[in-house]
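Okay, so here's the structure we're looking at.
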Amino acid sequence: MNTATALSVAPQSKTALHRLDTVRWPLIATGALILLACAAPFQLVPFHTFQLAMAMIYAVTLLGLNLLVGHTGQISLGHGAFFAIGAYTAAITMEHWDTPYFATIPIAAAVTFVLGFALGIPALRLRGLYLALVTLAIAIFLVPLLKRFDSVTGGSMGLTVTKPVPPAWTGLAEDQWLYFLALATTVVSFVLVASMLRSRVGRALHAMRDNEIAAEVLGVNLAHYKTLAFAWSALLAGVAGCVYTWVIAFVSPDSFALTLSITLLAGLVVGGLGTTWGPLLGGLFVMFVPSFAQDVNQAAPGVIFGLLIIAVMYLAPKGLAGLATQWTQWLGHRVRKGKTHAH
């Protein structure tokens, strides 16, 4: 091989290695995170295991919200309503019809998918603040509606259900079993959404988010994909609400007030809109930061919570996931630079 050929091959080799690193490191990080998550309930006390399970439930909810807001460019201020509908669907079917708890997931998913699709139809004619107001209205009137039909929903007192009992062959405690149910739901949800975003559907959603007119010119059916985005987003929130009922074993209207929808949207923005890990980081934020704010100042936890959001947005405008990506890229650059100097 002559010198010219060697020089032309070298950049190609570096590019190939860079692409390999780009694929390899996320896979290694994902595998390590799953192993760490599997080991966590055996090292933590039951309350902390419960907190992590709740963080994963919120992460699945934010995964659906991210699909709608981050990847499609729509807006929703009432995502907590679909979370509540999924939770109440599971509680009602378990309480009144003695439905096995595993069977409540497809039921909650189907109910919220249909409702999300129905909401997507008027959303075709609305955008921006008008769409935000419609979704906000849903979150506002849901709580009084749940209180009104007390024969079904339990009214203001709510419904109490029996927690899933771990099979004897697992040897797990109740909190550990519920944790692994939440973990399995989270992993499956993230894998399905990641596969969707890599497919033709994901490309259509991103094209619609970036420029609706250009997307329509390229043949993207805007009406189809908008309603589909709302439906899938609602489905994921419903599934998360169903698992929430398993873990909490109690639902009441006051648990799904308007503040839940606002907190979910804030958690997604803090975690990172349109990113892979944003919903997971946002779920941790939604679970732990309000309780931390309560501990800091019991008189005004909302003030502390708001200040923390402002601080995160100032330090990380692209969210925590964007900040983590910048650190990873910087570290990878330093490692590659070190290898170059070593050679």
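The values are calculated or read from the model by the stated rules, or taken from the named source; none is laboratory data. Note that the structure is a prediction, hence the values are computed from the model and not measured. Reconstructed Cβ throughout: ideal geometry from the backbone, glycine too, with neighbour counts over all protein chains shown. Note: accessible area is taken over every heavy atom of the protein model, side chains too, but ligands, DNA and RNA are not part of it. Shrake-Rupley method; radii C 1.70, N 1.55, O 1.52, S 1.80 Å.
So, in the stretch 130-185, exactly how many residues are of a type in the set (S, T, N, Q) and over 17 Å from GLY86 (Cβ atoms)?
Selection size over the stretch 130-185: 6.
Here are some residues: LEU126, LEU119, LEU133. Which one is open to solvent by 30 Å² or more (accessible area, probe 1.4 Å) and under 18 Å from LEU228 (Cα atoms)? Spell out the reasoning first.
Values: LEU119 fails: open to solvent by 30 Å² or more (accessible area, probe 1.4 Å); LEU133 fails: under 18 Å from LEU228 (Cα atoms).
Being open to solvent by 30 Å² or more (accessible area, probe 1.4 Å) and under 18 Å from LEU228 (Cα atoms) holds for just one of LEU126, LEU119, LEU133, which is LEU126.
Mind telling me which of the residues THR227, THR275 ends up being polar (S, T, N, Q) and either crowded, with 23+ Cβ neighbours inside 10 Å or within 17 Å of the chain's Cα centre (by Cα) (or both)?
Step by step, each of THR227, THR275 is checked, and only THR275 is polar (S, T, N, Q) and either crowded, with 23+ Cβ neighbours inside 10 Å or within 17 Å of the chain's Cα centre (by Cα) (or both).
Scan the stretch 237-259 and tell me whether some residue there is within 29 Å of THR325 (Cα to Cα) and open to solvent by 40 Å² or more (accessible area, probe 1.4 Å).
So far as the stretch 237-259 goes, no, none of its residues is within 29 Å of THR325 (Cα to Cα) and open to solvent by 40 Å² or more (accessible area, probe 1.4 Å).
Could you tell me whether TRP169 is open to solvent by 70 Å² or more (accessible area, probe 1.4 Å) and part of a helix (DSSP H, G or I)?
Yes, satisfied.
Here's a check for you: in the stretch 177-200, which residue that is modelled with pLDDT under 95 and among the polar types (S, T, N, Q) is nearest to ILE105 (Cα to Cα)?
Applying the filter and picking the extreme gives SER195.
What is the residue count in the stretch 282-326 for residues that are buried (at least 16 other Cβ atoms within 10 Å of the Cβ) and small (Gly, Ala, Ser)?
8
Quick check on the stretch 184-223: of everything there that is basic (Lys, Arg) and surrounded by 12 or more Cβ atoms within 10 Å (Cβ to Cβ), which residue is nearest to ALA39 (Cα to Cα)?
ARG203
Looking at the stretch 33-53, can you tell me whether even one residue there is closer than 22 Å to ASP254 by Cβ, part of a helix (DSSP H, G or I) and open to solvent by less than 20 Å² (accessible area, probe 1.4 Å)?
Scanning the stretch 33-53, I find at least one residue that is closer than 22 Å to ASP254 by Cβ, part of a helix (DSSP H, G or I) and open to solvent by less than 20 Å² (accessible area, probe 1.4 Å), so the answer is yes.
Since LEU228 meets every condition but one in (1) out of contact with any Gly (no Cβ under 9 Å at 6 or more places or on another chain); (2) assigned to a helix (DSSP H, G or I), which condition does it not meet?
Condition (1) is where LEU228 drops out.
For the stretch 78-88, does any single residue satisfy the condition of being over 18 Å from the mean Cα position of the chain (by Cα) and either at pLDDT below 95 or assigned to a helix (DSSP H, G or I) (or both)?
Yes, that holds for at least one residue.
May I ask you to list the residues in the stretch 75-96 that are farther than 18 Å from VAL247 by Cβ, among the aliphatic types (A, V, I, L, M) and surrounded by fewer than 24 Cβ atoms within 10 Å (Cβ to Cβ)?
Within the stretch 75-96, ILE75, LEU77 meet the criteria.
Filter the stretch 304-343 down to residues that are of a type in the set (Gly, Ala, Ser) and at pLDDT 80 or above, then give me how many there are. Break it down into steps so the answer makes sense when it comes.
Within the stretch 304-343, the first condition is being of a type in the set (Gly, Ala, Ser), and the residues that meet it are 306, 311, 316, 319, 321-322, 324, 332, 338, 342.
With at pLDDT 80 or above added as a condition, the list becomes 306, 311, 316, 319, 321.
Count: 5.
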